[in-house]
Amino acid sequence: MCPILPAAVAMTRSSSPLTTRAAASGSVETFTLGVRFYRERRLDIYALGDRGRALLYGGVAGIVLALAGTRRWLDTPGGTAA
């Protein structure tokens, strides 16, 4: 194993208040964008029908779960399931 890698991982895990605030700000902006998109496209979303809406909401939920688990996924070595 590369001796530099643990130090790099330790640096990425330390979070300063500035990076935490920036992440929270990005989350709020993303949520606001999603709400705006929903309000502007409400009729189009309802016109999809039940199956289409289920696929849309399932896809959005899958993206949210994938983004939530990205840090853990990137911290595990390739070929392992943790």
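Where a number appears in this text, it was derived from the coordinates with a stated rule and is not lab data. What you are looking at is a predicted structure, and each value in this text was computed from that prediction instead of being measured. Because the Cβ atoms are built from the backbone with ideal geometry, glycine has one as well, and the counts that use them run over all protein chains shown.
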Worksheet item: Roughly speaking, what is the stretch gain from Val64 to Thr32, that is 0.36 nm per residue apart minus the C-alpha to C-alpha distance, in nm to one decimal?
Response: 10.0 nm
Item to complete: Evaluate the distance, in nm, between pseudo-label points positioned 7 Å from the Cα of Arg51 and of Arg39 along their respective Cα→Cβ axes.
Response: 3.3
